Amino acid sequence: MTAPVFRRILLKLSGEALMGAGSHGIDPDVLERSAQDVRALIEAGVQVALVIGGGNIFRGAALSLRGMDRVTGDQMGMLATVMNALAMQDALERLGVSVRVMSAIKINQICEDYIRRRAMRHLDKGRVVIFAAGTGNPFFTTDSAASLRAIEVGADLLIKATKVDGIYSADPMVNPNATFYPRISYDQALRESLQVMDTTAIVLCRDHGMPLRVMNINEAGALLRLVRGEDIGSLVVSGN
Ligand code: UDP
C-alpha cells in the first residue's frame, strides 16, 4: 500500500453533508459512513482534524432573515456545530477511534476548550480532533474556522468536502455545461466568485499558503486515495 503523502490534514464537512437525503438533522447512516472514511485516514497514518458546520440545524443568517437578532442566531449556529461534533465523536468512538472535541466557546462540561498546543498534542498522538463552535465569533462561518484552524495547527492540506466533484465555472447541479477546474489559483477563485469557500476562508488560505482541495464526499474511498497522492477533485494554490 502507498504511504500517505500528508502528515496532517484538516477536513471540513458541512452540516448539510451529515443530513443525507433529509431536510435537517443528522442521518445516522451518513454519519457512520463519514466516520468510517475518517477512520481509514487514521489507519493510513494521517493525523486528522475535522471542522463540521451546523447548517443542518441552524444558520445565523437564515434566522436573522426571519427577524432574529443576528448575533443570537450565529450563537445558535455555533452551538449547532457542537451538536454535530458530539455526534461525530460518538460515531468515531463506536468505530474504536480516539477523538477529542475542542470548542471555541467555553462549554467544558461537554468538551475541551480549544487550546492550540493541546490540539496539536492530540493530533500527534493519533487522536482525531474535532474543532467545534466555529471561530467562536458571530459573522464568521465554519469555512473560515476550517482555514483558521488548518493554518494554526500546521496542517499540510485543507480539504473541503462537497456534494460535487470539485470546482466548476458554475454550479454543475444547475448548469450541466459548467467547466471543471482541476487546478486554480486563490485569486481566480476570488475574482470569479467561484463557489469554493467563502471569501474570508480563501483569503486566509491564500495569505498563509494553505493548499486547499475541494472534492466529493460521496465518492467511496476518494479521501484515502487523495491522502495517498492521487489527484482528486480540484486544487487551489498560489498563482494568477
Ligand atoms: N457560525 C458563527 N461563527 C463561526 C462559525 C459559524 O457564527 O465562526 C454560525 C453561523 O451562524 C453559521 C452557523 O454557525 O451559519 C453554522 O455554520 P456554517 O453555516 O458555516 O455551517 P455549514 O454551512 O458548513 O453547515
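The values are calculated or read from the model by the stated rules, or taken from the named source; none is laboratory data. All figures in this text were calculated on a predicted structure; none of them were measured in a lab. Neighbour counts are summed over all protein chains in view; Cβ atoms, including those assigned to glycine, are modelled from backbone coordinates with ideal geometry. For accessibility, only protein heavy atoms count, side chains too; no ligands or nucleic acids. Shrake-Rupley method; radii C 1.70, N 1.55, O 1.52, S 1.80 Å.
Tabulated data
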quantity: Charge sum, other residues only, whose C-beta stays under 15 Å from N218's C-beta, Lys/Arg counted +1 and Asp/Glu -1; calculated: -3
quantity: Estimated FRET transfer efficiency (S64, N137; beta-carbon r; R0 22 Å; 0.05); calculated: 0.90
quantity: Within straight-line cross-link reach of K163, lysines at Cα separation under 21 Å, skipping those fewer than 8 residues along the same chain; calculated: K12
quantity: Of the trypsin sites (Lys or Arg not before Pro) in segment 147-220, those whose Cβ has at most 14 other Cβ within 10 Å and which sit in DSSP loop; calculated: K163
quantity: Sites E43 and E192, calculated FRET efficiency, Cβ-Cβ separation with R0 30 Å, nearest 0.05; calculated: 0.20
quantity: Formal net charge of residues neighbouring M197 (Cβ-Cβ distance under 10 Å; K, R +1; D, E -1); calculated: 0
quantity: Relative contact order (%) - criterion: Cα under 8 Å, at least six apart; region: the chain; calculated: 22
quantity: Magnitude of the charge dipole, segment 136-240, Cβ model with Lys/Arg +1 and Asp/Glu -1, debye to 20; calculated: 120
quantity: Residue range of the chain that is longest and free of GluC sites (Glu not before Pro) which are both DSSP loop and sparsely packed (at most 16 other C-beta within 10 Å); calculated: 1-191
quantity: Lys/Arg +1, Asp/Glu -1 at C-beta; the chain dipole; positive extreme among A80, G209, G60; calculated: G209
quantity: Nearest-20 debye value, the chain charge dipole, Cβ charges on Lys, Arg, Asp, Glu; calculated: 620
quantity: Inter-part distance where segment 21-87 and segment 168-182 are each reduced to a Cα centre, Å; calculated: 26
quantity: Overall Cα dimensions of segment 1-146, principal axis frame, Å, largest first; calculated: 54, 36, 28
quantity: Label-point gap, in nm, between Q36 and N108 - each point 7 angstrom along Cα→Cβ; calculated: 3.8
quantity: By accessible area with a 1.4 Å probe, ligands and nucleic acids excluded, highest first: order of T81, T135, T2, T141; calculated: T2, T141, T135, T81
quantity: Chain lengthening between H208 and A178 when straightened (0.36 nm per residue, less Cα-Cα); calculated: 7.8 nm
